[in-house]
Amino acid sequence: MYDEFKTLVCELAARDDLTMHGLLPIPVLRRETGTRIGRAELDAFLLRMHAEGIVHLLSHVEFEKLPPAVRRDTLHLPSGLDLYWVRML
C-alpha cells in the first residue's frame, strides 16, 4: 500500500490544478485519496516519505487564518506543529 501511496502523491503533486507553486496541500491530498486510506495511515505514510527524503512537509505561513475545516485536515504532529504542504524532492 505504501508504494501505491507514494506513486499517488507524486501524481497529485504534478497536477497544476491541485498545487500552488509546486506545493500540494495535505487537505487536498486527503480529499483526493477519499476513503482509500485512513487518516492515521496517510499521516504515517507522509511522515515516512519525509523521513526517506522523498518529500518535505511544510507548515502554512498563516495557518490560523485557514478555515477550521481545512485546519482539521492538516497533519498534526504530537509536538503541536501543524503541517499543510507537501513538496516533492
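The values are calculated or read from the model by the stated rules, or taken from the named source; none is laboratory data. What you see is a predicted model, and the numbers here were worked out from it, not measured in a lab. Neighbour counts are summed over all protein chains in view; Cβ atoms, including those assigned to glycine, are modelled from backbone coordinates with ideal geometry.
For residues that are touching a Leu at 6+ places or on another chain (Cβ under 6 Å) and without any contact (Cβ under 8 Å) to a residue 24 or more places away in the chain, scanning just segment 1-31, find the one that is nearest to Leu89 (Cα to Cα).
Among those that are touching a Leu at 6+ places or on another chain (Cβ under 6 Å) and without any contact (Cβ under 8 Å) to a residue 24 or more places away in the chain, it is Leu12.
Suppose we filter segment 78-88 for residues that are modelled with pLDDT of 95 or more and either within 10 Å of the chain's Cα centre (by Cα) or of a type in the set (A, V, I, L, M, F, W, C) (or both); how many remain? Show your work before the answer.
First, pick out the residues of segment 78-88 that are modelled with pLDDT of 95 or more: 82-88.
Cutting the leftovers down to either within 10 Å of the chain's Cα centre (by Cα) or of a type in the set (A, V, I, L, M, F, W, C) (or both) gives us 83-88.
Residues meeting the conditions: 6.
Go over the candidates Ala44, Ala14, Ala51, Ala40 one by one and state the one that is within 19 Å of Ala69 (Cα to Cα) and not basic (Lys, Arg).
That would be Ala40, the only listed residue that is within 19 Å of Ala69 (Cα to Cα) and not basic (Lys, Arg).
Please go through segment 58-76 and pick out each residue that is part of a loop (DSSP other than H, G, I, E, B) and surrounded by fewer than 17 Cβ atoms within 10 Å (Cβ to Cβ).
Answer for segment 58-76, where residues must be part of a loop (DSSP other than H, G, I, E, B) and surrounded by fewer than 17 Cβ atoms within 10 Å (Cβ to Cβ): Ser59, Val61, Glu62, Pro67.
Restricting the search to segment 38-57, which residues are in a helix (DSSP H, G or I) and either of a type in the set (Val, Ile, Thr) or over 9 Å from the mean Cα position of the chain (by Cα) (or both)?
Arg39, Ala40, Glu41, Ala44, Phe45, Leu47, Arg48, Met49, His50, Ala51
Output the qualifying pairs, or none if there are none: Cβ atoms under 7 angstrom, residues six or more apart or on different chains, first residue in segment 76-89 and in contact (Cβ under 8 Å) with a residue 12 or more places away in the chain and within 15 Å of Ala40 (Cα to Cα), second residue among the hydrophobic types (A, V, I, L, M, F, W, C) and part of a loop (DSSP other than H, G, I, E, B).
Matching pairs, first to second residue: Leu83/Leu77.
Name every residue in segment 7-31 that is charged (D, E, K, R) and surrounded by fewer than 16 Cβ atoms within 10 Å (Cβ to Cβ), in order of residue number. Spell out the reasoning first.
Here is the first cut: in segment 7-31, the residues charged (D, E, K, R) are 11, 15-17, 30-31.
Hits for segment 7-31 are Glu11, Arg15, Asp16, Asp17, Arg31.
Going residue by residue through segment 41-50, is there one that turns out to be more than 14 Å from Met88 (Cα to Cα), among the small types (Gly, Ala, Ser) and at pLDDT 95 or above?
yes
Test of understanding: among Thr7, Thr35, which residue is farther than 13 Å from Val86 by Cβ and assigned to a loop (DSSP other than H, G, I, E, B)?
Details: Thr7 fails: assigned to a loop (DSSP other than H, G, I, E, B).
Testing whether each residue is farther than 13 Å from Val86 by Cβ and assigned to a loop (DSSP other than H, G, I, E, B) leaves just Thr35.
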